[in-house]
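The values are calculated or read from the model by the stated rules, or taken from the named source; none is laboratory data. Because the structure is predicted, anything quoted here is derived from the model rather than measured. Every residue, glycine as well, gets a Cβ built from its backbone with ideal geometry; the counts of neighbours run over all protein chains shown.
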Amino acid sequence: MPPIISIASLSKVYASGHNALKNISLDIDKGEIFALLGPNGAGKTTLISIVCGIVTASAGSVRVDGHCIQKDYKAARKAIGLVPQELTTDAFETVWATTGFSRGLFGLPPDPAHIERVLRDLSLWDKRDSRIMTLSGGMKRRVLIAKALAHEPRILFLDEPTAGVDVALRQDMWRLVRKLRDGGVTIILTTHYIDEAEEMADRVGVIRNGEIILVEDKAELMRKLGRKQLTLQLDAPLAALPPALAGHSLALAPGGRELVYTYDTKGEAGLTGLLADLGAAGIGFHDLHTSQSSLEDIFVDLVKERA
Ligand SMILES: Nc1ncnc2c1ncn2[C@@H]1O[C@H](COP(=O)(O)OP(=O)(O)OP(=O)(O)O)[C@@H](O)[C@H]1O
Ligand SMILES: [Mg+2]
């Protein structure tokens, strides 16, 4: 299946001279949830803005659902729903009117049943007759999502959709995103809540300083870069690590009552050997627990490594 979005050798130099994107190439598969992660100023919004036709690229090309974003702008844009990072809504309009209007912008006939469904999914139905300026910040952000979905796009960009949204509504929002994905919509999101990417994404891309430094299947990334730690609570404290255990990646916690074994999530073979060697050395333990690094740990390591 050809990718639904194909980005090739894309660069952006702003008029200020700032080189915000450097030779980016990236394919997005149909029906996936792709999380774009990166520190402030990395170029996430710039990339999204170019794909959505809001910012002009300095070099390179983008195809959306088979359409070139330059030669065939209208068709490309129609396939996309964009929830921008900045709140931009018409203060005096009602929720109902602004959402319906967004659909009309793409030349589609009115479909009140669809608009109602979208507003209900976003818990905005009760607010349909309210003017946007009377809504809270989190509600305004949901109106932006409703507007983006009004023309039933096949691709949805969410640029920091949950900034300023409370925990319960964030859960609702992710439920909606999953529902859209199940309906065949491709979703590209940026977020600074990396636990969200960990929970939601099929694939993760990390962008730093205008360059894509990693694109990986999320599960594969966690498997490859994730670390696990096994902590053993010893029956009797040790003054030092016995030489018999030198071959294992072990550390003795201060006080000598805990042994910490670090291993990567793909190689658990060393564990059997460790337990055998502990037994042979007469070291007993009465409790143990394991912990695993999160996508956040991996992300922080990655960004630090390239700094
Ligand atoms: N219109 C502009 N003119 C000049 N420079 C810009 C413009 N827009 C963005 N930049 C610069 O380009 C870089 C990338 O900005 P961008 O908004 O794409 O980052 P981001 O990854 O979305 O960051 P954040 O996580 O803070 O939203 C930044 O250094 C920013 O200052
Ligand atoms: Mg941004």
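Within the stretch 182-205, the residues that satisfy the criterion of being at pLDDT 90 or above and either under 24 Å from Ser25 (Cβ atoms) or within 13 Å of ligand 1 (Cβ to nearest atom) (or both) are Val185, Thr186, Ile187, Ile188, Leu189, Thr190, Ala201, Asp202, Arg203, Val204, Gly205. Only one entry of Leu238, Leu250 meets the criterion of being touching a Gly at 6+ places or on another chain (Cβ under 7 Å) and either surrounded by 11 or more Cβ atoms within 10 Å (Cβ to Cβ) or among the aliphatic types (A, V, I, L, M) (or both), and that entry is Leu238.
What residue, among those in the stretch 28-40 that are in contact (Cβ under 8 Å) with a residue 12 or more places away in the chain and within 20 Å of Ile298 (Cα to Cα), is farthest from ligand 1 (Cβ to nearest atom)? Only one residue fits best here, namely Ile33. Please find, within the stretch 146-164, the residue that is farthest from ligand 1 (Cβ to nearest atom) out of those that are more than 18 Å from the chain's Cα centre (by Cα) and either buried (at least 20 other Cβ atoms within 10 Å of the Cβ) or over 16 Å from Phe34 (Cα atoms) (or both). Ranking the candidates gives Glu152 first.
Kindly evaluate Thr88 against the criterion of being in contact (Cβ under 8 Å) with a residue 24 or more places away in the chain, among the polar types (S, T, N, Q) and loosely packed, with under 14 Cβ neighbours inside 10 Å. So Thr88 fits the description; yes.
Suppose the filter is over 15 Å from the mean Cα position of the chain (by Cα), crowded, with 16+ Cβ neighbours inside 10 Å and either within 12 Å of ligand 1 (Cβ to nearest atom) or not assigned by TED's automatic domain parsing to the domain that holds Asp121 (or both); does Thr94 pass it? Full working, then the answer.
Details: over 15 Å from the mean Cα position of the chain (by Cα): yes; crowded, with 16+ Cβ neighbours inside 10 Å: yes; either within 12 Å of ligand 1 (Cβ to nearest atom) or not assigned by TED's automatic domain parsing to the domain that holds Asp121 (or both): no.
So Thr94 fails the test.
Applying a threshold of 8 Å to beta carbon distances and a minimum spacing of six or more residues, or different chains, the list of pairs starting in the stretch 170-195 at a residue that is over 19 Å from Glu86 (Cα atoms) and ending at one that is part of a helix (DSSP H, G or I) and of a type in the set (Val, Ile, Thr) reads Leu176/Ile145. Among the residues of the stretch 124-171, just one is touching a Leu at 6+ places or on another chain (Cβ under 7 Å), farther than 17 Å from Ala79 by Cβ, away from ligand 2 (no atom under 16 Å from the Cβ) and not in a helix (DSSP H, G or I), namely Arg128.
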